[in-house]
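Below is one structure, written out as structure tokens, with a few remarks after it.
The values are calculated or read from the model by the stated rules, or taken from the named source; none is laboratory data. A quick note: this is a predicted structure, and the numbers were derived from the prediction, not measured. Here Cβ is always computed from backbone atoms with ideal geometry, including for glycine, and neighbour counts include all displayed protein chains.
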Amino acid sequence: DGFVHLADYRAPAWRVLHAGLVFELDPAATTVESVLSLEPDPARPGQPVTLDGEGLELLAIELDGRALGGDGYAYDGHQLTILDPGRACELRTRVRIHPDANTRLEGLYQSGRLLLTQCEAQGFRRITFMADRPDVMPRWRITLRAARDAFPVLLANGNPVSSRGLGDGRHEAVWENPHPTPAYLFAIAAGELGRVTKTLRTAEGREVELNVWAEPGDVERCRYALGAVDRSLRWDERRFGRGYDLDVFNVVAAQDFTMGAMENKGLNIFNARYILADEATATDADFLAIESVVAHEYLHNWSGNRVTLRDWFQLSLKEGLTVFRDTEFSSDLHSRALKRIEVVRLLRGRQFAEDAGALAHPVRPDRYKEISNFYTLTIYEKGAEIIRVLHTLVGEDTFRAGMDRYFADNDGKAATLEDFLAAHAAASGRDLAQFARWYAQAGTPELAIRADFDAASGDYTLTIDQHTPATPGQPEKQPLLIPLRFALYDADGGEITTPPEADAVVREGMAELTAARHVLRWRGLRGRPLPAFNHGFAAPVKLQVDYSVDELARLARLERDAFNRWDLLQRLATDALLGAAHAEAATQTLSDVLADLLEDTSADPAFVAECLALPDFDTLAEQVDEVDVEALVGRREELLDRLAEDQVERLQSRYEALADVAAGGLDGPEMSARALRNACLSWLTRLDPQAALAEAQFAAANTMTARLAALRCLLHFQAPGAEAALAAFQQQFRHDPLVTDKWIALVATRPHPEALADVEALMASNWWKATNPNRVRALLGSFARSNPLGFHRRDGAGYRLVATQVASLDAINPQVAARLLGAFESWRRWTAPHRGPAREALAALEGKLGSPDGRDLLERLLG
Ligand code: HT7
Ligand code: ZN
């Protein structure tokens, strides 16, 4: 049926114990000689050796030193089959590949003057023959040979063993990776690279050299990333007791990279946008993202590399866990509340939509057609939330004990989610069978909570109904184990600490919901209490609680925890936008609370900035049955206008007062000041685009954060000076592709249907580079995902533009094309004037996509 099924998993009949590779590197034609030590599984005798190899030009093949003739093997362009040799043996092959023609950026490819690899998930088979599956884990010896002038630096996984000149201008470097490592973690990088470096001693006493490499002109911009590697290594030692296990840790920045970065053993390869930074070219958000992606890849060394995956169905075992770990890293180092706000925005705006749309799938899918299409927010972000649910249920100490056990039991192995759950079940003494449903069931659970108070008896009951909507292929759902935090406040704002009578386990303000309905009951209360739920968003669910505006206003002032206060403001804003009955009262309350916040100079300015940022379009769209794009955007703009009018003086005063702290520097208070200042600038420019505030900030800016925020205000509010500022910005940074991506994304997201023409003009210009994923994302990704008025034009031109580009990008880089196609995931919920053109744009793609990636997505979108 074209699917790979989890139920069909079989252990490999042949293991690869050792892989010795010799590369003769050349962009046009690289040869790879491979010697694989193969061993049969005694439990499965008589099986042929089958190795993956995609489109390889086979030059030579020998088994145990003897050339194989045409009757000894078969190669069909995808798989190499050798009749059962019947014993352990050594297979030697030589193949030729063509990195400079590789626009897929999978396998060995050229980026600028560098040669690089990307092997996850199934790219290694484009380099040479291998059992390209994560449960086959050879030890590796990698020899790289190349012309010294073009490729002075030769890097691979593991530790450097030797290097030497070869005469005739060529040289060689040998690397050895002693840890059993699957092929998806293989990496090499070669070319003219410079580095920043630092040596440290790990807690276990190992001396480790940390290097961050980039093209020579970019080396100075690697310093921040190097610091982030250092911080990550130290944090994993402290918080998880996990040390680093090689003599070197190399990181390389590449301008052409399909995703964010890759955790190859000892040689992480990064999209340059997650490495290169200084204050003149990177925003504060860039710095924070760099630190978090660097941490993510570093932390994979244990969650992914030392303990790897049995098969790709287990993807969230490494990705969800590592997102959980990198989020904890950022929360420990910076503001936990701000990090939680960032994550919850992403969940509500994007992951919930994915989980409710045509592409919804469980965190552990049970079948797939193309694994590349499963690197999703559900696998990553919902996967991390599930780990957080476990952490909430068992507490930090027991969670740590479970992790220690998981690492100890599975080190050097290829694990499953069952292995992970078994370790945590053993450490906590809990039965995690119901918890495991989180992995099997797609869709965001909804909790509807009804409160009843009997004034005569003082009895107060909370009835909690759990429901998960149907998703493709899963019409029926079972109840999940959900830890629901709650608090009850009395009339004086004091917390009622009496535990309720309940048909669920309740402890310290948390109920463990396991059934479709639970009832919590308090008796003899003196008045109707005010309830609050899901503090810190501990349960990744949608809550339905009918609050009056007065109750929300009281809660917004009662809640001391920063995340919860922010969440209440989001709720007020949502009611102001979508809650017809009390929209006006909610607007007024929101405005009053924002006024207090803007006057509260003791509050973290970055937190105030988060409170000023209303729920975005995606988050709102997720909460309505049918998405009327123009109406939703229009209402949001009106609300922003109204709130900005109410706050104008406070905005001006905070904008001015924060100028000095915001002037430069990367310390918390400095970044915070810029965050609030830029939020104020946006609201003030909205009110009066003619005022020269943004123009002045643009002219005086000495950080990219201030400059880009000003340019955004100028362009998006069509202020005088916008054209001149854009031209100056383009000119100043024309040689920097990452900064160029920034202005391109601003143009693509101008909130106006006419932005389409600007996007088309850019596509016809020299700025357009279809082979560079960052450029494609900056222009088309931003347009499709972050410009509702442009993408959802009533004439369907936005959909047609994106669909047409998907078709041509599919032939260049199928993964990049498939991600763009994901922008249509919610099309069935768009109102009729949009739905029709969207369906037509998708239908026009049928028969036009050559890749399995694109065809799989299109089938699911239209199915
Ligand atoms: N584990 C890495 C995933 C990745 C990837 C997957 C498919 C195609 C290209 C890719 N590049 C990187 C990234 C991570 O989650 O750490
Ligand atoms: Zn990852």
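Can you spot a residue in the range 235-249 that is assigned to a loop (DSSP other than H, G, I, E, B) and within 20 Å of residue 115 (Cα to Cα)? The answer is no; no qualifying residue exists. Residues of the range 605-664 that are closer than 23 Å to residue 696 by Cβ, surrounded by 17 or more Cβ atoms within 10 Å (Cβ to Cβ) and among the polar types (S, T, N, Q): 647 alone. So is residue 587 among the hydroxyl-bearing types (Ser, Thr, Tyr), under 23 Å from residue 447 (Cα atoms) and assigned to a helix (DSSP H, G or I) or not? Criteria not met by residue 587. Check whether at least one residue in the range 400-412 is part of a loop (DSSP other than H, G, I, E, B) and under 24 Å from the mean Cα position of the chain (by Cα), and report yes or no. Checked against the condition, which is being part of a loop (DSSP other than H, G, I, E, B) and under 24 Å from the mean Cα position of the chain (by Cα), the range 400-412 yields no hits at all. Working carefully through the options 274, 298, 244, find the one that is more than 14 Å from ligand 1 (Cβ to nearest atom) and in contact with a strand residue (DSSP E or B) (Cβ under 8 Å, 6 or more places away or on another chain). Of the residues listed, the single one that is more than 14 Å from ligand 1 (Cβ to nearest atom) and in contact with a strand residue (DSSP E or B) (Cβ under 8 Å, 6 or more places away or on another chain) is 244.
Let's see how each residue does on (1) closer than 27 Å to residue 461 by Cβ; (2) out of contact with any helix residue (DSSP H, G or I) (no Cβ under 8 Å at 6 or more places or on another chain); (3) aliphatic (A, V, I, L, M):
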{"site": "508", "(1), (2), (3)": "yes, yes, no"}
{"site": "514", "(1), (2), (3)": "yes, yes, no"}
{"site": "524", "(1), (2), (3)": "yes, yes, no"}
{"site": "535", "(1), (2), (3)": "yes, no, no"}
{"site": "580", "(1), (2), (3)": "no, yes, yes"}
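Name the residue that is surrounded by the fewest Cβ atoms within 10 Å (Cβ to Cβ), counting only residues in the range 250-272 that are touching a residue at least 60 places away in the same chain (Cβ under 8 Å), under 19 Å from the mean Cα position of the chain (by Cα) and away from ligand 2 (no atom under 16 Å from the Cβ). So the residue we want is 255.
Counting the residues of the range 27-46 that are assigned to a loop (DSSP other than H, G, I, E, B), surrounded by 14 or more Cβ atoms within 10 Å (Cβ to Cβ) and over 33 Å from the mean Cα position of the chain (by Cα) gives 1.
Check off (1) more than 10 Å from ligand 1 (Cβ to nearest atom); (2) over 16 Å from residue 212 (Cβ atoms); (3) touching a Lys or Arg at 6+ places or on another chain (Cβ under 9 Å) for residue 321 and give me the number that stays unchecked. Only one criterion is unmet by residue 321, namely (3).
In the range 222-235, of all residues being touching a residue at least 60 places away in the same chain (Cβ under 8 Å) and surrounded by 21 or more Cβ atoms within 10 Å (Cβ to Cβ), the one that is nearest to ligand 1 (Cβ to nearest atom) corresponds to 232. Regarding residue 318, is this residue of a type in the set (D, E, K, R) and within 10 Å of ligand 2 (Cβ to nearest atom)? Judged against the criteria, residue 318 is a match. Scanning the range 127-157 for residues that are surrounded by fewer than 23 Cβ atoms within 10 Å (Cβ to Cβ) and not in a loop (DSSP other than H, G, I, E, B), we see that the one that is nearest to ligand 2 (Cβ to nearest atom) is 139. In the range 752-768 there is no residue matching the filter, namely being under 24 Å from residue 373 (Cα atoms) and either part of a helix (DSSP H, G or I) or modelled with pLDDT of 95 or more (or both).
So that you can scan it fast, the table gives a plain yes or no per residue for (1) crowded, with 18+ Cβ neighbours inside 10 Å; (2) assigned to a loop (DSSP other than H, G, I, E, B); (3) out of contact with any helix residue (DSSP H, G or I) (no Cβ under 6 Å at 6 or more places or on another chain); (4) without any contact (Cβ under 8 Å) to a residue 12 or more places away in the chain:
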{"position": "420", "(1), (2), (3), (4)": "yes, no, no, no"}
{"position": "424", "(1), (2), (3), (4)": "yes, no, no, no"}
{"position": "444", "(1), (2), (3), (4)": "yes, yes, no, no"}
{"position": "448", "(1), (2), (3), (4)": "no, no, yes, no"}
{"position": "452", "(1), (2), (3), (4)": "no, no, yes, yes"}
{"position": "456", "(1), (2), (3), (4)": "no, yes, yes, yes"}
{"position": "460", "(1), (2), (3), (4)": "yes, no, yes, no"}
{"position": "465", "(1), (2), (3), (4)": "no, no, yes, no"}
{"position": "479", "(1), (2), (3), (4)": "yes, yes, yes, no"}
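Of the residues 50, 103, which is of a type in the set (Val, Ile, Thr) and in contact with a Leu (Cβ under 9 Å, 6 or more places away or on another chain)? 50 is the lone residue from the list that is of a type in the set (Val, Ile, Thr) and in contact with a Leu (Cβ under 9 Å, 6 or more places away or on another chain). Scanning the range 522-535 for residues that are surrounded by 14 or more Cβ atoms within 10 Å (Cβ to Cβ) and more than 24 Å from residue 564 (Cα to Cα) yields a total of 1. If we scan the range 278-291, do we find a residue that is surrounded by 21 or more Cβ atoms within 10 Å (Cβ to Cβ) and either closer than 18 Å to residue 178 by Cα or within 13 Å of ligand 1 (Cβ to nearest atom) (or both)? No, the range 278-291 contains no residue that is surrounded by 21 or more Cβ atoms within 10 Å (Cβ to Cβ) and either closer than 18 Å to residue 178 by Cα or within 13 Å of ligand 1 (Cβ to nearest atom) (or both). Take the residues in the range 170-207 that are small (Gly, Ala, Ser) and closer than 27 Å to residue 122 by Cβ; name whichever of them is surrounded by the fewest Cβ atoms within 10 Å (Cβ to Cβ). Checking each candidate, the answer is 173. Selection within the range 337-357: residues that are out of contact with any Phe, Trp or Tyr (no Cβ under 8 Å at 6 or more places or on another chain) and basic (Lys, Arg). The member of this set that is farthest from ligand 2 (Cβ to nearest atom) is 348. Taken over the range 103-126, the criterion of being within 16 Å of ligand 2 (Cβ to nearest atom) and among the charged types (D, E, K, R) is satisfied by 120 alone.
To keep it simple, each residue is scored yes or no on (1) among the acidic types (Asp, Glu); (2) under 30 Å from residue 119 (Cα atoms); (3) out of contact with any helix residue (DSSP H, G or I) (no Cβ under 6 Å at 6 or more places or on another chain).
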site	(1), (2), (3)
746	no, no, no
774	no, yes, no
777	no, yes, yes
783	no, yes, no
788	no, no, no
826	no, no, no
847	no, yes, yes
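Quick check: is even one residue across the range 287-295 in a strand (DSSP E or B) and without any contact (Cβ under 8 Å) to a residue 40 or more places away in the chain? Within the range 287-295 (the criterion being in a strand (DSSP E or B) and without any contact (Cβ under 8 Å) to a residue 40 or more places away in the chain), the answer is no, since none of the residues qualifies. Among the residues of the range 823-850, those identified as assigned to a loop (DSSP other than H, G, I, E, B) and under 23 Å from the mean Cα position of the chain (by Cα) are 825, 826. Taking the criterion of being within 18 Å of the chain's Cα centre (by Cα) and among the charged types (D, E, K, R), the residues of the range 357-396 that qualify are 364, 381, 382, 385, 388. For the criterion of being within 16 Å of ligand 2 (Cβ to nearest atom), surrounded by fewer than 24 Cβ atoms within 10 Å (Cβ to Cβ) and more than 25 Å from residue 29 (Cβ to Cβ), residue 88 fails.
Is it the case, given these coordinates, that residue 702 is in contact (Cβ under 8 Å) with a residue 60 or more places away in the chain, surrounded by fewer than 22 Cβ atoms within 10 Å (Cβ to Cβ) and either under 19 Å from residue 662 (Cβ atoms) or touching a Leu at 6+ places or on another chain (Cβ under 7 Å) (or both)? Yes. Going through (1) within 26 Å of residue 672 (Cα to Cα); (2) touching a residue at least 12 places away in the same chain (Cβ under 8 Å) one by one, residue 246 falls short only on (1).
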